[in-house]
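Asker: For reference, the structure I am asking about is given below.
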Amino acid sequence: MLCAVVGLACRRPARARTPPADAGTVVTVYVAPKAVDRLMGRLTGFAASHQWALSVRTDSAALAEADLVVAESAGVLVGRLRSGSPAAAQARQLADAVLK
């Protein structure tokens, strides 16, 4: 019985999943107030699956600062990426996944 216990203690620990290279990235998204309920679940789900921090804002000041701006145009949600954004690649992926 002692051998079995010692054998268990010698096993290698399970490897943790290696986080993506961009894990921890903060993506700031401005969402038009009318669209927040429609998008919040999709935004947070996609960001969580990539281990990104997500800042969703609805204030007008965020229009100039957000990596991704999501607005409604004739009932259709459209996204606009901020040029020069440090999280532009992540914002593009987020827009592609969420605004289909």
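The values are calculated or read from the model by the stated rules, or taken from the named source; none is laboratory data. Because the structure is predicted, anything quoted here is derived from the model rather than measured. Note that we place each Cβ from the backbone using ideal geometry, even for glycine, and neighbour counts take in every protein chain shown.
Asker: Going by the structure shown, is residue 35 at pLDDT below 95 and in a loop (DSSP other than H, G, I, E, B)?
Answerer: For residue 35, the condition - at pLDDT below 95 and in a loop (DSSP other than H, G, I, E, B) - is not met.
Asker: Going by the conditions given, is residue 72 of a type in the set (Asp, Glu), under 14 Å from residue 98 (Cα atoms) and surrounded by 13 or more Cβ atoms within 10 Å (Cβ to Cβ)?
Answerer: Yes.
Asker: Oh, and also: For residues that are of a type outside the set (S, T, N, Q) and surrounded by fewer than 14 Cβ atoms within 10 Å (Cβ to Cβ), scanning just segment 41-62, find the one that is nearest to residue 86 (Cα to Cα).
Answerer: 53
Asker: Please verify whether segment 29-38 includes one or more residues that are in contact with a Ser or Thr (Cβ under 9 Å, 6 or more places away or on another chain), among the aromatic types (Phe, Trp, Tyr), touching a residue at least 40 places away in the same chain (Cβ under 8 Å) and surrounded by 14 or more Cβ atoms within 10 Å (Cβ to Cβ).
Answerer: Among the residues of segment 29-38, at least one is in contact with a Ser or Thr (Cβ under 9 Å, 6 or more places away or on another chain), among the aromatic types (Phe, Trp, Tyr), touching a residue at least 40 places away in the same chain (Cβ under 8 Å) and surrounded by 14 or more Cβ atoms within 10 Å (Cβ to Cβ), which makes the answer yes.
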